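Visitor: What follows is a single structure, and I will ask about it in a moment.
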Amino acid sequence: MHASKEVTVALLGCGRFGQRHLEVLNRLPDVRVLVVADIDEPRAQQTAFRFGVPSFTADFREALAWPGVDVVDVCLPTFLHAQAVEGAARHGRHVFCEKPLALRAEDAQRAARACEDAGVKLQVGFCRRFDNGWLAAAEVIRSGALGRPVVWRHATGTSGAPQPWFFDRELGGGPFVDGAIHWYDFGRFLFGEVESVQAATRIMRPGRTAPDTGIVSVRFVSGDELQLMWSWGLPPGVKVDELHEVLGPEGALSMRPRQQDKISDAAVFVDHDHRKENGGHANGADPGNLGYLWLRRPGQTEAQPVVYQRNDMVEEELIAFVQAVREDRPTAVGGREAVAALQVAMAVLESGQTGRTVMFDEMTLPARSAK
Ligand SMILES: NC(=O)c1ccc[n+]([C@@H]2O[C@H](COP(=O)([O-])OP(=O)(O)OC[C@H]3O[C@@H](n4cnc5c(N)ncnc54)[C@H](O)[C@@H]3O)[C@@H](O)[C@H]2O)c1
């Protein structure tokens, strides 16, 4: 690392999320992007120009070896993640890699090991761990206000990710690998280890090789459960309602505001820590930019608002990663978590295919902790 504590970056993949990362990286103090890479060379060039990055290349391998780079930020399509991470580790670079780390748990584990063996840090893009809304929900659940165990359920139907590669089993894995992995990871973060997975999946739109629609239940050893009823199988522009809430024996928490919920100032149930801190918030979030969850308990005629400071979770996770690199501390969410979340995703695909419940004591892949 540089003596100045400046952190220098090579960013791979100038698509939708690569550009989102660049917007954030450009705002962070003492972070400098030295090179961007994209196989679409004009896109790499335009991206470098737009974000004031001095160099670009069409070959991501060249960017891995770029002189003076401390960290590699991998925003490539998912099928390239593991090889990019292993390459970065070989060059002694710390790595931030977008989720999922790979499309098979074995590949994720190999990539995590490569970082561990090279002594470089790995953080994986499980940004929900940095989302104040989800963290506020976790706080309510931990407080016991809903009772335990709980069922965290989410039903959604959309056309899903815009690029076709997301729906190919070998390139993106489909929504139950690519998107739902945020829920699997957050579920493990909140509830602990997984006990079993059950899924019924199908391909709704032709030409796809990964399931785009289905129902998933992930049960945790704690007794808590995650229930997802998801589709990325709708045609573009067709929208349906979304349901996102946590149910418990003592109450329910709505994760989405509803029109009929009126805010009564007298009844703020949780004043989330982030709100109090927010005088000089690291990401400059507007302290007036509040979000609300809604708590319903017996004997109360009105839902109680749970207030949190809305934040930019991608900015928070990148700040945390840069800090870990600068201060030589472990990253907040690394290879071990990435492998474990992918094991859940693999179990979902397997159960969806076979109709069997996958018990987690059947999953034997050992997960070593990654730095
Ligand atoms: N954390 C989140 O919530 C979140 C949200 C969106 C996307 N993502 C993840 O980010 C990753 C990228 O997603 P995206 O939406 O930006 O995809 P995208 O298709 O928009 O961008 C990918 C880019 O990589 C480039 N590329 C493809 N092959 C390449 C190669 N061999 N060498 C160099 N460049 C190559 C493409 O030209 C494209 O510009 C995915 O893994 C996705 O799952 C995460």
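Visitor: What distance in nm separates the simple spin-label points at R256 and N289, each placed 7 Å from Cα in the Cβ direction?
Guide: Label-label distance for R256 and N289, simple model: 2.2 nm.
Visitor: Please list, in order along the range 244-253, the HN-Hα scalar couplings obtained from phi with the Karplus expression 6.51 cos²θ - 1.76 cosθ + 1.60 (θ = phi - 60°), rounded to whole Hz, x for Gly and Pro.
Guide: Computed from phi, the couplings for the range 244-253 are 8, 7, 10, 10, x, x, 10, x, 9, 10 Hz.
Visitor: Compute the FRET efficiency between E62 and E23 as 1/(1 + (r/R0)^6), taking r as their Cβ-Cβ distance and R0 = 30 Å, and round to the nearest 0.05.
Guide: Step by step, r from the Cβ atoms, then E = 0.80.
Visitor: I've got another one for you. For the pair D328 and E106, what calculated FRET efficiency results from E = 1/(1 + (r/R0)^6), where r is the Cβ-Cβ distance and R0 = 30 Å, to the nearest 0.05?
Guide: Approximately 0.55, to the nearest 0.05.
Visitor: Multiply the residue separation of I215 and R142 by 0.36 nm, subtract the distance between their alpha-carbon atoms, and state the gained length in nm to one decimal.
Guide: The span from I215 to R142 would gain 23.7 nm if fully extended.
Visitor: Quick one: what are the phi-derived ³J(HN,Hα) couplings along the range 297-305, Karplus 6.51/-1.76/1.60 with θ = phi - 60°, whole Hz, x for glycine and proline?
Guide: Here the 3J(HN,Hα) series is 10, x, x, 10, 6, 10, 5, 8, x Hz.
Visitor: Treat each spin label as a single point 7 Å out from the Cα along the C-beta direction, and report the R16 to E41 distance in nm.
Guide: It is 2.7 nm.
Visitor: While we're on this one: Gain in length, I203 to E6, computed as 0.36 nm per residue apart minus the alpha-carbon separation, to one decimal in nm?
Guide: Working it through step by step, the gained length comes to 66.2 nm.
Visitor: Viscosity 1.306 mPa s, temperature 10 °C: give me the Stokes-Einstein translational D for the chain in µm²/s, with Rh taken as the Kirkwood radius over C-alpha pairs.
Guide: Taking Rh from Cα pairs, D becomes 74 µm²/s.
Visitor: Could you check which residue among L171, L64, L342 shows the biggest mean-square fluctuation in a GNM of the chain with a 10 Å Cα cutoff?
Guide: Judging by the Gaussian network model, the answer is L171.
Visitor: Under 5 Å between amide hydrogens, which residues at least 5 positions from A145 or on another chain qualify, with H placed 1.01 Å from N in the peptide plane?
Guide: none
Visitor: Additional query: Starting from the amide H of D59, placed 1.01 Å from N in the peptide plane, find each other amide H under 5 Å away whose residue is 5 or more places distant or on another chain.
Guide: The list, which skips near neighbours in sequence, is D38.
Visitor: Based on the mean of other Cβ atoms within 10 Å per residue, sort peptides 225-231, 24-30 so the most packed one is first.
Guide: Listed from highest to lowest mean packing, they are 225-231, 24-30.
Visitor: Considering only DSSP beta bridges whose two residues both sit in the chain, what percent are antiparallel, to the nearest 5?
Guide: Rounded to the nearest five, the antiparallel share is 55 percent.
Visitor: Sticking with this one: Step through the residues of the range 134-140 one at a time and calculate ³J(HN,Hα) from phi using the Karplus curve (6.51 cos²θ - 1.76 cosθ + 1.60, θ = phi - 60°), rounding each to whole Hz and writing x for Gly and Pro.
Guide: Calculated HN-Hα couplings, in order: 5, 5, 5, 5, 4, 5, 4 Hz.
Visitor: A further question follows. Between S55 and R90, what length comes free when the chain is fully extended (0.36 nm per residue of separation minus the Cα-Cα distance, one decimal in nm)?
Guide: 10.4 nm
Visitor: Using the crude model of +1 on Lys and Arg Cβ and -1 on Asp and Glu Cβ, and no other charge, please compute the dipole size for the chain relative to its Cα centre, in debye to 20.
Guide: Approximately 280 debye in magnitude.
Every number here is computed from the coordinates shown, using simple stated rules; none is lab data. Note that the structure is a prediction, hence the values are computed from the model and not measured. Don't worry about glycine lacking a Cβ; one is built from the backbone with ideal geometry, like all the others, and counts go over all protein chains shown.
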